[in-house]
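The next block holds one structure in the form of structure tokens; read it before the comments.
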Amino acid sequence: MRWFLFLLLGTLGWLLWKAWSRTKYRSTRVKQEAEKDLSLPEQEAQTGQSARKGQNEQHAQTMVRCTHCGAWSPQSMALSQGGQWFCDENHAKAKS
């Protein structure tokens, strides 16, 4: 019975230590990320460009549907004729 008690106390101590070390690690990591985010404007001012320029940036674009085939295309790549949108020149000519 005594061994069971020691085993239980040891396991409980180990679990508490693991929880404490995870909490400490996370708080350190959050502080480092916050400091990194605060230093970004300084980096941009020094280099003259965005520090995040190397990362993939995706910009939301309006999508329009081709009147001929129904395919969706970004508005910047689609053709507009007579208030209708087309995905390419061939479809625009076919409707004309």
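The values are calculated or read from the model by the stated rules, or taken from the named source; none is laboratory data. Remember, predicted model here, so these are calculated numbers, not experimental data. Cβ placement follows ideal geometry from the backbone for every residue including glycine, while neighbour counts extend to all protein chains displayed. With ligands, DNA and RNA removed, areas are computed over all heavy atoms of the protein, side chains included. Shrake-Rupley method; radii C 1.70, N 1.55, O 1.52, S 1.80 Å.
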Out of all the residues in the stretch 25-43, is one or more at pLDDT 90 or above, among the aliphatic types (A, V, I, L, M) and open to solvent by less than 100 Å² (accessible area, probe 1.4 Å)?
no
So, first residue in contact (Cβ under 8 Å) with a residue 24 or more places away in the chain in the stretch 68-96, second residue small (Gly, Ala, Ser) and buried (at least 17 other Cβ atoms within 10 Å of the Cβ), Cβ within less than 8 Å, six or more apart or across chains; the pairs are 68/92
Which residues, counting only those in the stretch 59-73, are surrounded by fewer than 16 Cβ atoms within 10 Å (Cβ to Cβ) and either modelled with pLDDT under 90 or part of a loop (DSSP other than H, G, I, E, B) (or both)?
59, 60, 61, 62, 69, 70, 71
